[in-house]
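Please read the structure below before turning to the comments.
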Amino acid sequence: MEALAVVLERPEHLALSRLALTSAAEGDAVIAVSWSGISTGTERLLWSGRMPPFPGMGYPLVPGYESVGTVIEADPATGLRIGQTVFVPGARCFGEVRGLFGGAASHLIAPASRCVPVDAGLGDRACLIALAATAYHALSGVTPGARSLIVGHGVLGRLLARLTVLAGGVPVVWEREPVRREGDVGYPVLHPADDPARDYATITDVSGDSGLLDTLIGRLAPGGEIVLAGFYEASLSFAFPPAFLREARIRVAAEWRPEDLAAIRALIEAGGLSLDGLITHRAPAASAEDAYRTAFSDPACLKMILDWRTCS
């Protein structure tokens with residue numbers, strides 16, 4: 001079996017290539033992908049060649065971990081059925097071409113246990129559930145009525161803010177890019193210079209800016225926590241005395257876990273968490289190179305979705 005796939009041949013060189021897929025093994029499912037999302041965090045680093053050493057790193061590679069499609073082959077014992085809509089967080093089915101994270105392709109072969117059934121009515125918005133689960137994983141204990149700071153108003157920052165509101169908290173968001181501060185989102189979105197507060201119990205950074213720690217520590221309340229939920233290409237450091245005086249805590253939030261995804265699915269199905277208004281750009285998979293460049297260069301692009309449905 002073959003698939004049309006996005007292949008990063010080397011930094012800043014992308015091709016749409018036809019690749020032979022490894023044969024499905026027992027417990028695998030074959031997925032015809034409808035849509036895949038482009039990550040402006042990890043995939044930008046892969047694109048630019050600035051990705052720090054990471055398991056499975058190397059070129060050529062198939063990127064992407066936000067794919068949604070239809071099951072076209074699966075053993076009934078897996079619990080999946082033909083025609084079911086599933087979310088797939090990437091695959092390793094491309095032979096000698098690395099799958100890091102291996103979701104940007106017209107067809108995928110992946111363990112059925114990694115395929116998450118989703119409501120077909122979500123359409124391409126279902127690509128966002130990995131980011132929503134990541135936001136849920138990063139969320140610190142929210143005190144109803146209390147303010148917390150989120151740094152960055154991309155999709156992950158917006159999902160964190162929505163989850164904070166659902167939990168009864170009052171999010172404040174920092175964003176330096178003017179176009180991303182626009183719109184009525186139900187919470188304040190400020191340039192950092194316009195925020196005088198220095199008493200945040202929780203600050204969650206999703207910006208990926210490795211030079212921000214000293215600034216964020218200066219905005220903490222005593223005993224406060226900074227959650228690092230971005231992906232950082234450079235080493236992080238901070239001045240010790242201000243952190244000492246505040247007895248600051250620093251936590252790293254990694255990728256989502258199955259229990260995070262289950263919680264997000266429940267919130268979406270119950271109507272609590274909306275994924276509306278987060279996808280700003282869509283492109284046919286045949287225009288992948290232009291789509292990737294737009295996703296990484298246009299600040300108005302919150303989330304770019306590739307449409308694979310016309311690929312044969």
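Assorted remarks:
- For the stretch 40-199, the relative contact order comes to 15 percent (Cα pairs under 8 Å, sequence separation of at least 6).
- Solvent-accessible area per residue in the chain equals 44 Å², computed with a 1.4 angstrom probe and all protein chains kept.
- For the stretch 150-206, the relative contact order is 41 percent, taking Cα pairs closer than 8 Å that sit 6 or more residues apart in sequence and dividing their mean separation by the residue count.
- Share antiparallel - DSSP beta bridges, the stretch 45-173, percent rounded to 5: 50
- Placing +1 on each Lys and Arg Cβ and -1 on each Asp and Glu Cβ, with no other charges, gives the stretch 155-273 a dipole about its Cα centre of roughly 160 debye.
- Annotation: amide H-H contacts under 5 Å for Trp174 (H modelled 1.01 Å from N, sequence separation of 5 or more, or interchain): Ile150, Val151, Gly152, Leu190.
- Phi to ³J(HN,Hα) by Karplus 6.51 cos²θ - 1.76 cosθ + 1.60 over the stretch 301-311, Hz, x for Gly, Pro: 8, 6, 8, 9, 10, 8, 9, 9, 5, 9, 7
- By definition, a body whose alpha carbon gyration tensor gives a ≥ b ≥ c is oblate when a/c is 1.5 or more and a/b is not larger than b/c, and the stretch 36-161 fits this oblate description.
- Dipole in debye (nearest 20) - the chain, about Cα centre, beta carbon charges: Lys, Arg +1; Asp, Glu -1: 300
- Antiparallel beta bridges, as assigned by DSSP with both residues in the chain, represent about 55 percent of the total such bridges.
- Positive end of the dipole of the chain (Cβ unit charges, origin at the Cα centre): among Ala133, Leu14, Ala161, the Cα lying farthest that way belongs to Ala161.
- For trypsin sites (Lys or Arg not before Pro), the sites in the stretch 126-217 that DSSP calls loop and that have at most 14 other Cβ atoms within 10 Å are Arg198.
- Since only Leu4, Gly64, Cys311 are under comparison, the one whose Cα sits farthest along the positive direction of the charge dipole of the chain, derived from C-beta charges on Lys, Arg, Asp and Glu, is Gly64.
- Whole-percent carbon and sulfur share, accessible surface of the stretch 195-312, 1.4 Å: 53
- Between the listed residues Pro196, Pro52, Val86, the Cα displaced farthest toward the positive end of the dipole of the chain, a dipole computed from Cβ unit charges relative to the Cα centre, is found at Pro196.
- Normalised size of the chain, defined as Cα radius of gyration per 2.2 N^0.38 Å with N residues, equals 1.02.
- Check: the stretch 212-312 dipole with +1 on Lys, Arg Cβ and -1 on Asp, Glu Cβ, in debye: 140
- Computed helical MRE - 222 nm, the chain, DSSP H runs ≥ 4 contributing -39500 (n - 2.57), nearest 500: -5500 deg cm²/dmol
- Summarising the amide proton neighbourhood of Ile250: residues at separation of 5 or more, or on other chains, whose placed amide H is nearer than 5 Å comprise Ile226.
- Take every Cα pair under 8 Å whose residues are at least 6 apart in sequence, average their separation, divide by the length of the stretch 10-75, and the relative contact order is 54 percent.
- Sparsely packed GluC sites (Glu not before Pro) within the stretch 195-252, loop by DSSP, other Cβ within 10 Å at most 11: Glu247
- Taking the inverse of the mean 1/r over every pair of distinct Cα atoms in the stretch 135-193 gives a Kirkwood hydrodynamic radius of 11.4 Å.
The values are calculated or read from the model by the stated rules, or taken from the named source; none is laboratory data. The structure displayed is predicted, hence computed values, not measured ones. Reconstructed Cβ throughout: ideal geometry from the backbone, glycine too, with neighbour counts over all protein chains shown. Protein only, heavy atoms only, side chains kept; ligands, DNA and RNA dropped before computing areas. Shrake-Rupley method; radii C 1.70, N 1.55, O 1.52, S 1.80 Å.
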